[in-house]
Amino acid sequence: MTTRRDLELVVSAWLDEGPTDLPPTTRRAILAAVPTIRRRRAGVLGLVGSGPAPSGRGWAELATAAVILAVALGLMLGVGLLGTVRPSPSPNPSAPPSASAPATPLPTGRAAGPTPFGSATLLSSAVNHFSLTVPAGWLVVPATLVWDGAGAPANDAPVADQLLPPTEQGRCQSVFVCAPTLWVVSAPTTGSLSAWVAARDAASAEDHPCPAIPESQRPIQVDGTPAVLETTHCPTAGGPLVLTAEVVRGGRGYVFALQDNAREAAVEALDAQEFVALLQTVRLSP
Amino acid sequence: MRGTLVERARDGDDVAFAELVDLEGGRSYGIAYRILRDAERAQDAVQQAFLLAWRELPRLRDPDRFGVWLRRLLVNACYEEFRRHRRWSANVRALPLDGPAGPDDMVPADERDALERGFRQLTPEHRAVVVLHHHVGLSLGEIAEVTGVPVGTVKSRLFYATRLLREALSADELEREVRPA
């Protein structure tokens, strides 16, 4: 029988067998991405990773922050922006679609300076032919390849424009921080919306543990075009939430998708709200 | 030295941040690899953690806490990476039994396989506690700080994980005993 001490030694020795150097490709990828990341403004509270509760100067900062927040909220309410964040003027607006250049870096409208409160950027995808308003603080991983319309690309497929909200403490009960993942793919199609939706459902059932028939389906509009909003869990029993909005315009079929592993009803309701709000900012450019 | 680098990176110096990546990258990758047991996913988690670090660094008030803060980002990135690939991926990649390994004679192959099997059954939260304790050498209190859960939860996770790993090794010993020579 393995004693406690033996076990600890064996586990430690086993864990010691493994890499200790960062692969050069990862290092390069990190450093290449750094200039494209819009940084957080130095927080008024500055509490990230600070540990102890604010004291003295910290409370003064807290009060200052509260005033700023109240003013900002008041301004947003005053101009009707609450809930639907509008894009700040983009220094690099939509580029013309370029189907033949899938690896072209995509303009994401990144500003050089700090992010103003409540601002947002415009993601204009030259691969997937759409634009939408990216809420402040979200990370964008642009698509680098053109999708041929086969299968059901997941969030991290190179054909997907991926949107990553900041992980949020307190959003989920079951894990410390959590956030959904959103992505967009599109491909040419000659079929109708219903044919596009049926093909996507079949592909999801084949490529992923999703049911062939989604749990719910309802009509919505994306950029003034009839679309279908589907809700499902993959797999049905206890699987993560997957929301998709499918739309066809100008010979191009789109899939806007959100997935969330939280498996908490309150979080899923929030996901649905945020997903629909994001869809309202979408502009299709097939 | 590191404190100065953190301060410079916090102020927007990407050269200083690159030096931080060089200082912390290997250790971070080692932790992520051991939690995820997959080189590619570990690279993704490390990348995600460092990019989040760069983005959030202006809000880090105390440079001395950079290490704990980065590990927290890293562990959360590992959780996310673990779940991201469990969500949609029907074709679950087999976890490598023999990643980039050290000396072969440190742990017998049978035991290594048994530990690998046992470890795979653990949630990422349990894996993180095992790695941070047995590999990084953090105390339970330090692990609590990194993972953002109470010390009691860390103890409980370590207890459960240790029991499972012991069971995996015991089953392997039993199998070897009854296996004909």
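The values are calculated or read from the model by the stated rules, or taken from the named source; none is laboratory data. Quick caveat, the model's predicted, so the values are computed rather than measured. Cβ: placed from backbone, ideal geometry, glycine included. Neighbour counts: every protein chain shown. In case anyone asks, the SASA skips ligands and DNA or RNA and just uses the protein heavy atoms, side chains included. Shrake-Rupley method; radii C 1.70, N 1.55, O 1.52, S 1.80 Å.
For first residues located in the stretch B:143-166 and closer than 12 Å to B:Leu132 by Cβ and free of Cβ contacts under 8 Å to residues at least 60 places away in the same chain, partners that are among the small types (Gly, Ala, Ser) and part of a helix (DSSP H, G or I) and lie 6+ apart or on another chain with Cβ distances below 7 Å form the pairs B:Val154/B:Ala144.
Per the conditions (1) within 22 Å of the chain's Cα centre (by Cα); (2) loosely packed, with under 15 Cβ neighbours inside 10 Å, the sole criterion not satisfied by A:Gly250 is (1). Cβ separations smaller than 8 Å between residues 6+ apart or across chains give the following pairs from the stretch B:47-60 residues that are within 19 Å of A:Pro24 (Cα to Cα) to residues that are open to solvent by 10 Å² or more (accessible area, probe 1.4 Å) and among the basic types (Lys, Arg): B:Trp54/A:Arg39. Give the residue that is nearest to the other protein chains (Cβ to nearest Cβ), with candidates limited to residues of the stretch A:145-160 that are farther than 12 Å from A:Ala203 by Cβ and not acidic (Asp, Glu). Filtering the stretch A:145-160 for residues that are farther than 12 Å from A:Ala203 by Cβ and not acidic (Asp, Glu), the one nearest to the other protein chains (Cβ to nearest Cβ) comes out as A:Asn155.
Selection of the stretch A:231-265 for residues being in contact (Cβ under 8 Å) with a residue 12 or more places away in the chain and of a type in the set (A, V, I, L, M) yields A:Leu241, A:Val242, A:Leu243, A:Ala245, A:Val247, A:Val248, A:Val255, A:Ala257, A:Leu258, A:Ala262. Checked against (1) in contact with a strand residue (DSSP E or B) (Cβ under 8 Å, 6 or more places away or on another chain); (2) within 14 Å of another protein chain (Cβ to nearest Cβ), A:Pro235 passes all but a single condition, namely (1). Of the residues that make up the stretch A:166-177, is at least one part of a loop (DSSP other than H, G, I, E, B) and at pLDDT 80 or above? For the stretch A:166-177, residues part of a loop (DSSP other than H, G, I, E, B) and at pLDDT 80 or above: absent.
Of everything in the stretch B:105-162 that's among the basic types (Lys, Arg) and either crowded, with 19+ Cβ neighbours inside 10 Å or at the interface with another protein chain (Cβ under 10 Å from one of its Cβ atoms) (or both), which residue is nearest to the chain's Cα centre (by Cα)? For the stretch B:105-162, the residue satisfying everything is B:Arg127.
Please state which one of A:Leu22, A:Leu9 is modelled with pLDDT of 50 or more and part of a loop (DSSP other than H, G, I, E, B). Spell out the reasoning first.
Working: A:Leu9 fails: part of a loop (DSSP other than H, G, I, E, B).
On inspection, the qualifying residue turns out to be A:Leu22.
Residues are listed down the side, and each one gets a yes or a no for (1) within 14 Å of another protein chain (Cβ to nearest Cβ); (2) among the aliphatic types (A, V, I, L, M); (3) more than 26 Å from A:Glu264 (Cα to Cα):
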position: A:Ser204; (1), (2), (3): yes, no, no
position: A:His208; (1), (2), (3): yes, no, no
position: A:Ala212; (1), (2), (3): yes, yes, no
position: A:Ile220; (1), (2), (3): no, yes, no
position: A:Ala227; (1), (2), (3): no, yes, yes
position: A:Leu241; (1), (2), (3): yes, yes, no
position: A:Val248; (1), (2), (3): no, yes, yes
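Within the stretch A:251-286, the set of residues being of a type in the set (A, V, I, L, M, F, W, C) and more than 19 Å from A:Leu123 (Cβ to Cβ) comprises A:Ala262, A:Ala265, A:Ala266, A:Val267, A:Ala269, A:Leu270, A:Ala272. Selection of helices (runs of 4 or more DSSP H) fully inside the stretch B:1-84 by the criterion of at least 2 residues being out of contact with any helix residue (DSSP H, G or I) (no Cβ under 7 Å at 6 or more places or on another chain), open to solvent by 10 Å² or more (accessible area, probe 1.4 Å) and not small (Gly, Ala, Ser) returns B:14-36, B:39-56.
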